[in-house]
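A.B. asks: Take this structure, written in structure tokens, and hold onto it; I'll ask about it next.
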Amino acid sequence: MIDEELVQLLTPEGERITHPDYESTLDGDEVFGLYRDMVIIRRLCNESTSLQRQGQLALWAPVQGQEAAQIGAGRALAPMDFSFPSYREHGVAWCRGVPPEDMLRVFRAVTTGGWDPQRYRHSVPTVVLGNQTLHAVGYAMGVQRDGAEEAVLTFFGDGASSQGDVLESFVWAASFNAPVVFFCQNNQWGISTPSSVQSKIPLYHRAHGFGFPGIRVDGNDVLAVYEVTKRALESARVGGGPTLIEAYTYRIGAHTTSDDPTRYRIDAEVEVWKHRDPVERVKSLLVREYQIKNATFDQVATEADALASKLREDVLAMGRPDPISMFDHAYAAPHPLVDEGRREMVELGISAGTS
Amino acid sequence: MATTTMTMAKALNEGLRRAMEKDSKVLLMGEDIGRLGGVFRITDGLQKDFGEDRVIDAPLAESAIVGTAVGLAIRGYRTVCEIQFDGFVYPAFDQIVSQVAKLHKRSDGVYTMGLVIRLPFQGGIGAIEHHSESPEPYFAQTAGLRVVSCATPNDAYWMIQQSIEHDDPIIFCEPKSRYWEKGEVDIDTPPRGLFEAEVRRVGTDVTVVGYGSSVKTILRAADTAAGEGTSLEVIDARSVSPLDLDTMARSVQKTGRLVVVQESPNTASVGSEIVAELTQRCFFSMSAPGLRVSGYHVPYPPSRIEDDFRPSVDRILDAVDRVMGFGG
């Protein structure tokens, strides 16, 4: 995996290494903060998988293995920046302040959105692969026209990188010098399809062909992800145009709870990646460099457990929506067919009335 | 007559296998269809038996799956494209509507677009967004395409083979909620032509037409209605474009009443077409206007409430009551 062009500031053993272009700017408290984020999001993810196994969620898309990529990128965003996720960016949503229970509403199958995207400056999930990258470019073109010093960060994966929308978004971002950063989590697998089927060259090399910089970062190194993303966003905010970041990482779990990865990949590969665990890496650094004690790590684990318990309670409390809610927000203005549907549902006794 | 019991998923798998054995020009292409056997396992084992050149694991791009199938068709191959879910077909919409549907015409008949686009469609599996849609009206509206849907394992087995052999492009809609239901498959004789409707239950009072997963729901409604003294004649349209209007008209001329069931919304739908055509043909035989029982005019809802969006037995019976009570 070690690629000389891969930006890495922390080895898999948690030892700092120098890079000619990047250095970590974070102090001990900030590094600890990233560790805490990663522990919490992993714990919430595991709780969500359990909830799905127990029939409380329709589906879950695990994030395990990709915590550093998502937390590093999420924490690099400035408050006024805007992010456009795919459907697995639970770590980024956490960084943006989206309440965990809101992340699970889609997976509880009680909504198709889940949170107020303007409030958290984090858009709603996009399930159709790559669609959101064009939205990000358009939003960035708006930022540009407003003369605002904001950047846009959009997420997609190695699978989606084959979609026309993603490649068209590269063309547009380059043509208009849009203040957007493309964050590709190359987790090596698009369901059963290895990333080598999507690209014969390292994905970040594609950016050069479109006329903007591409960079590959160790996606399991939260310090490197943070610095690389932060610099790309800073460049975008001041007219530097787009950047493609390829966070080289691994999907430890299944594509979703509907998937069985043992059908298409070997355990040995998973084991290799488990040794590059993003959370353990930072923990080693915290122990070695900042003398963080076990009691402190235990506190984080306890905090994560409490959040997981609360998440479980919140999910179990999410009842079946009143069916008449399906008519809400189908249109912004009154529509006769929507009114007719509402009327029929009440007449049939499916719902008592307006929600 | 040799019959065997299998699920619709297995019947499709066997139908694809037989088509590939018969014609070495038949290829399969789609996301995760090879090693994994597709997310619904419809192509399970086919890559192992026919090789990676004939069962192609595609890079993740639907427009490219269909667009390259066009090129393969020009070169003489018959490609069966798998679109993983209904709601993922739209990136390929341009290729389907602008190229697949029109190239035979544009080439003055030189190009034959003998390709099949398999589309797991309709809801009922408790999925998240884009996994439960009914996009067939978009394709039914497009001249140059044919659109069919299987409702039983036997039809799945035969219709997929008939579609592959057909020289026109076919949108093949598979009711994913019925993939795991078993039925008898006659492996010697096809039941009927690809574009013919089938009367699934003979009745006298109301003709109820549907396709895909709706057929079974209608049959359940017919059981209930029979208990209440109303006799439903149930027609499985099988082909959505072209429609077998002769079979439907014969039924409506007999019953005088028509209800059409579909999961897509009403507007510009297959049901609208059926009601309009049959009203034109059977006007003087009809004792009530034809009704449609459809999905509502809203985006497909979160699956916790999808059963109140999809036509249910109750909603079908309500429509039956209304046509029975009309004018009375």
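A.B. asks: Would you point out the residue of region A:41-51, among those that are more than 20 Å from residue A:222 (Cβ to Cβ) and crowded, with 21+ Cβ neighbours inside 10 Å, that is farthest from the chain's Cα centre (by Cα)?
C.D. replies: Only one residue tops the list, namely A:51.
A.B. asks: Out of all the residues in region A:77-92, which are crowded, with 24+ Cβ neighbours inside 10 Å and aliphatic (A, V, I, L, M)?
C.D. replies: If the condition is that a residue be crowded, with 24+ Cβ neighbours inside 10 Å and aliphatic (A, V, I, L, M), then A:92 is the only one that fits.
A.B. asks: Among the residues in region B:306-327, are any within 29 Å of residue B:142 (Cα to Cα), of a type in the set (A, V, I, L, M) and in a helix (DSSP H, G or I)?
C.D. replies: yes
A.B. asks: Follow-up. For region B:59-86, which residues satisfy the criterion of being buried (at least 21 other Cβ atoms within 10 Å of the Cβ) and at the interface with chain A (Cβ under 9 Å from one of its Cβ atoms)?
C.D. replies: Residues satisfying the conditions are B:60, B:61, B:62, B:84.
A.B. asks: Looking only at residues that are away from every other protein chain (no Cβ under 14 Å) and of a type in the set (Val, Ile, Thr) in region A:91-110, which one is nearest to the chain's Cα centre (by Cα)?
C.D. replies: Among them, the one singled out is A:92.
A.B. asks: Something else about it: Go through region B:87-125 and give me each residue that's hydrophobic (A, V, I, L, M, F, W, C), within 13 Å of chain A (Cβ to nearest Cβ) and crowded, with 17+ Cβ neighbours inside 10 Å.
C.D. replies: Listed by number, the residues that qualify are B:88, B:89, B:92, B:125.
A.B. asks: Condition first: loosely packed, with under 12 Cβ neighbours inside 10 Å and either in contact (Cβ under 8 Å) with a residue 40 or more places away in the chain or outside the structural domain of residue A:63 (by TED's automatic domain parsing) (or both). Can you find one or more residues in region A:288-301 that meet it?
C.D. replies: no
A.B. asks: For residues that are touching a strand residue (DSSP E or B) at 6+ places or on another chain (Cβ under 6 Å) and either away from every other protein chain (no Cβ under 11 Å) or of a type in the set (S, T, N, Q) (or both), scanning just region B:279-309, find the one that is surrounded by the most Cβ atoms within 10 Å (Cβ to Cβ).
C.D. replies: Ranking the qualifying residues of region B:279-309, first place goes to B:294.
A.B. asks: Does region A:95-103 include one or more residues that are part of a loop (DSSP other than H, G, I, E, B), out of contact with any Phe, Trp or Tyr (no Cβ under 7 Å at 6 or more places or on another chain) and either within 23 Å of residue A:231 (Cβ to Cβ) or of a type in the set (Ser, Thr, Tyr) (or both)?
C.D. replies: Checking region A:95-103: not a single residue is part of a loop (DSSP other than H, G, I, E, B), out of contact with any Phe, Trp or Tyr (no Cβ under 7 Å at 6 or more places or on another chain) and either within 23 Å of residue A:231 (Cβ to Cβ) or of a type in the set (Ser, Thr, Tyr) (or both).
A.B. asks: Could you tell me whether residue A:126 is hydroxyl-bearing (Ser, Thr, Tyr), in contact with a strand residue (DSSP E or B) (Cβ under 8 Å, 6 or more places away or on another chain), within 13 Å of chain B (Cβ to nearest Cβ) and within 13 Å of residue A:84 (Cβ to Cβ)? It would help to see each step written out before you state the result.
C.D. replies: Working: hydroxyl-bearing (Ser, Thr, Tyr): yes; in contact with a strand residue (DSSP E or B) (Cβ under 8 Å, 6 or more places away or on another chain): yes; within 13 Å of chain B (Cβ to nearest Cβ): yes; within 13 Å of residue A:84 (Cβ to Cβ): yes.
Answer is yes for this residue.
A.B. asks: May I pose another question? Could you please give the count of residues in region B:290-323 that are acidic (Asp, Glu) and either modelled with pLDDT under 95 or under 22 Å from the mean Cα position of the chain (by Cα) (or both)?
C.D. replies: 3
Let's see how each residue does on (1) within 11 Å of chain B (Cβ to nearest Cβ); (2) buried (at least 24 other Cβ atoms within 10 Å of the Cβ); (3) free of Cβ contacts under 8 Å to residues at least 12 places away in the same chain:
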| site | (1), (2), (3) |
| --- | --- |
| A:151 | no, yes, no |
| A:171 | no, no, no |
| A:197 | yes, no, yes |
| A:203 | no, no, no |
| A:208 | no, no, yes |
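A.B. asks: Residue check: is residue A:311 under 30 Å from residue B:312 (Cβ atoms) and hydrophobic (A, V, I, L, M, F, W, C)?
C.D. replies: Values: under 30 Å from residue B:312 (Cβ atoms): no; hydrophobic (A, V, I, L, M, F, W, C): yes.
For residue A:311, the condition - under 30 Å from residue B:312 (Cβ atoms) and hydrophobic (A, V, I, L, M, F, W, C) - is not met.
The rows are residues; the columns are (1) among the acidic types (Asp, Glu); (2) under 23 Å from residue A:158 (Cα atoms); (3) at pLDDT 95 or above; (4) in a loop (DSSP other than H, G, I, E, B).
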{"site": "B:6", "(1), (2), (3), (4)": "no, no, yes, no"}
{"site": "B:34", "(1), (2), (3), (4)": "no, yes, yes, yes"}
{"site": "B:40", "(1), (2), (3), (4)": "no, yes, yes, yes"}
{"site": "B:52", "(1), (2), (3), (4)": "yes, yes, yes, yes"}
{"site": "B:56", "(1), (2), (3), (4)": "no, yes, yes, no"}
{"site": "B:63", "(1), (2), (3), (4)": "no, yes, yes, no"}
{"site": "B:68", "(1), (2), (3), (4)": "no, yes, yes, no"}
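A.B. asks: If you scan region B:162-186, which residues turn out to be among the aliphatic types (A, V, I, L, M) and assigned to a helix (DSSP H, G or I)? Spell out how you get there, then give the answer.
C.D. replies: First pass over region B:162-186, keeping only residues among the aliphatic types (A, V, I, L, M): B:164, B:170-171, B:185.
Passing the criteria: only B:164.
A.B. asks: Run residue A:35 past the list (1) more than 14 Å from chain B (Cβ to nearest Cβ); (2) surrounded by 18 or more Cβ atoms within 10 Å (Cβ to Cβ); (3) at pLDDT below 95 and report the number of the one that doesn't hold.
C.D. replies: (3)
A.B. asks: While we're looking at this one, here's another question. Considering only residues that are at the interface with chain B (Cβ under 7 Å from one of its Cβ atoms) and not in a strand (DSSP E or B), look in region A:181-195 and name the one that is surrounded by the most Cβ atoms within 10 Å (Cβ to Cβ).
C.D. replies: Checking each candidate, the answer is A:192.
The values are calculated or read from the model by the stated rules, or taken from the named source; none is laboratory data. Just so we're clear, the structure is a prediction, and the values are computed from it rather than from any experiment. Counting neighbours? That spans all protein chains shown, and the Cβs are built from the backbone with ideal geometry, glycine included.
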